[in-house]
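Undergrad: Can you read through this structure? Questions will come right after.
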Ligand SMILES: [Zn+2]
């Protein structure tokens, strides 16, 4: 096995260790959508593709750690379809890869011991868990190993992990053009207590997590609309001379991030953050006289905490707060560019 932090064209075993080293260095996330993923859901991506259509990049090693990052299946597929021709973003990711490269090399050197334990653990990460033989062996050995892990490596057993309930939609055709429908982002972080609470929510209270997430979106949508309207009203005269909402904030996709699931007194409480965006016609209170138009269509992002408690009766208690939305000037300028086409 080669010990270089380079993509190998011959050794799958080496690439498996390299992926593990990359996943650790990049914080357990897909580098493109920034979604936390488990190791098994990630692959090695060449940030600048190995065979760019424009020909080879002179004097540049596409297989080095400086050009590698962990990517999730859906992002890899979209990237493969050539939908990511996003040069500024690729440049930024290359910068990130260069800064992560020393950590990748260090991680790899640590893993790259040819001893039996590393090889055995590596085999487990590559195993087909759907195969009954594999499942049987893992159950047998797992029962023997878990007490040791619990005692010696509690951090491994209690490690939080993220379940990804994001809903992705196929592209739709609008006026002859393929358009990507925004995904419905939904992530649930679970620690050991959260995993137990999730079982109670789903199996005892009869509320599958995807239903709970849908429930939360629709329950809070009126609150979000009201809170945003109220925030715009308060901003008038301070930040803005005038501010008029363009469409309802809840008609855009709402991201749901559940950071904690807890069970107590026959109730399961989910807490986390809601995230979304909206547009409004605003006129700045401090007018820039060079500006040709006093009023503009501005894009805003909001994010705020929420809590939702379920019992056998369903949703019995809920709160949310969208906080102070922030104008996204970057997206606004991108939208202007699009109009010029
Ligand atoms: Zn991704």
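Undergrad: Looking only at the stretch 16-43, count how many residues are on the phi < 0 side of the Ramachandran plot and either outside the structural domain of residue 89 (by TED's automatic domain parsing) or within 13 Å of the ligand (Cβ to nearest atom) (or both).
TA: Final tally of qualifying residues: 14.
So that you can scan it fast, the table gives a plain yes or no per residue for (1) touching a helix residue (DSSP H, G or I) at 6+ places or on another chain (Cβ under 6 Å); (2) modelled with pLDDT of 90 or more:
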{"position": "278", "(1), (2)": "yes, yes"}
{"position": "295", "(1), (2)": "no, no"}
{"position": "303", "(1), (2)": "no, yes"}
{"position": "320", "(1), (2)": "yes, yes"}
{"position": "326", "(1), (2)": "no, no"}
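Undergrad: Kindly list the number of the only condition in (1) surrounded by fewer than 10 Cβ atoms within 10 Å (Cβ to Cβ); (2) modelled with pLDDT of 90 or more; (3) part of a helix (DSSP H, G or I) that fails for residue 117.
TA: (2)
Undergrad: Still on this structure: Can you name the strands (runs of 3 or more DSSP E) wholly within the stretch 215-332 that have at least 3 residues being within 30 Å of residue 191 (Cα to Cα)?
TA: In the stretch 215-332, 255-264, 267-284, 295-311, 314-320 are the strands (runs of 3 or more DSSP E) which contain 3 or more residues that are within 30 Å of residue 191 (Cα to Cα).
Undergrad: Restricting attention to the stretch 139-150, does a residue exist that is within 16 Å of the ligand (Cβ to nearest atom) and either in the same structural domain as residue 23 (by TED's automatic domain parsing) or touching a helix residue (DSSP H, G or I) at 6+ places or on another chain (Cβ under 8 Å) (or both)?
TA: no
Undergrad: Moving to a separate point now. Determine, yes or no, whether residue 314 is surrounded by 15 or more Cβ atoms within 10 Å (Cβ to Cβ) and modelled with pLDDT of 85 or more.
TA: The answer is no for residue 314.
Undergrad: Could I ask something else about it? If you go through the stretch 193-202 one residue at a time, do you hit one that is surrounded by 17 or more Cβ atoms within 10 Å (Cβ to Cβ), touching a helix residue (DSSP H, G or I) at 6+ places or on another chain (Cβ under 8 Å) and on the phi < 0 side of the Ramachandran plot?
TA: Yes - at least one qualifying residue is present in the stretch 193-202.
Undergrad: In addition: Counting only residues that are within 16 Å of residue 306 (Cβ to Cβ) and surrounded by fewer than 16 Cβ atoms within 10 Å (Cβ to Cβ), which one in the stretch 220-249 is nearest to the chain's Cα centre (by Cα)?
TA: By that ranking, first place goes to 222.
The values are calculated or read from the model by the stated rules, or taken from the named source; none is laboratory data. The structure displayed is predicted, hence computed values, not measured ones. Cβ sites come from the backbone with ideal geometry, for glycine too, and all protein chains shown count toward neighbours.
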